[in-house]
Amino acid sequence: GKLKEWAKRPLPDVPMHVLHGHTSPVTAVAASAELDMAASASSDGTVLLHRMTKGRLMRSFSHSCSVDHLLLTRHGELLAHGAADNVLSLSDVNGWPIRKVSAGDMPATRLALSPDHTLLFVGGEDGGLSARSAKTLNACQRFPALHP
């Protein structure tokens, strides 16, 4: 489909678009060729969504603090995490909040989606891993760190 066509295009020697809008340092980025979107976040909590093919700013909204991790789901939802408050937030791409939850006892260090985008995996500073529903952010399972 569209993703395969986009991936086959040769890379240009110069940027296709320079995306503007942040006034603070960029702290996280995510992109989806399927959705034709690029998301970026900054240390002031601002999240910007751009169209990748046109380079046009679509919208801007705010997280409660600096955003350290961003993911775009294939369903058009944006997952964000801020280390300062250790909150995971799920929003639609219009910026409407769907759900906010604490990431747990230990600060999250990494986020990843399962291949089918049904699970969100949250890596903790303690070496543990938790699996959450990507739709509700409800905790499904916790995998503690294996310490020798």
Does V122 fit the bill of being surrounded by 20 or more Cβ atoms within 10 Å (Cβ to Cβ) and part of a loop (DSSP other than H, G, I, E, B)? no
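Of all residues in the range 47-65 being free of Cβ contacts under 8 Å to residues at least 40 places away in the same chain and buried (at least 19 other Cβ atoms within 10 Å of the Cβ), which is nearest to A80 (Cα to Cα)?
That would be H63.
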Which pairs do you get when a residue that is at positive phi, found in the range 103-130, comes within reach of a residue that is surrounded by fewer than 16 Cβ atoms within 10 Å (Cβ to Cβ), reach meaning Cβ atoms under 7 angstrom, with the pair 6+ apart or on two chains? H117/R74; H117/H75; G127/A145
Quick one: would you say D44 is among the charged types (D, E, K, R), farther than 30 Å from L146 by Cβ and either in a loop (DSSP other than H, G, I, E, B) or in contact (Cβ under 8 Å) with a residue 12 or more places away in the chain (or both)? yes
Restricted to the range 71-84 and to residues being modelled with pLDDT under 85 and buried (at least 17 other Cβ atoms within 10 Å of the Cβ), the residue farthest from L57 (Cα to Cα) is A83
Residues in the range 3-19: is at least one modelled with pLDDT under 80, aliphatic (A, V, I, L, M), within 25 Å of D116 (Cβ to Cβ) and open to solvent by 30 Å² or more (accessible area, probe 1.4 Å)? yes
Which one is surrounded by the fewest Cβ atoms within 10 Å (Cβ to Cβ) among residues in the range 131-148 that are part of a strand (DSSP E or B) and free of Cβ contacts under 8 Å to residues at least 40 places away in the same chain? Q141
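The values are calculated or read from the model by the stated rules, or taken from the named source; none is laboratory data. Bear in mind the structure is a predicted one, so any value in this text is a computation, not a measurement. Cβ sites come from the backbone with ideal geometry, for glycine too, and all protein chains shown count toward neighbours. Remember, those area values only see protein heavy atoms, side chains included, never the ligands or the DNA or RNA. Shrake-Rupley method; radii C 1.70, N 1.55, O 1.52, S 1.80 Å.
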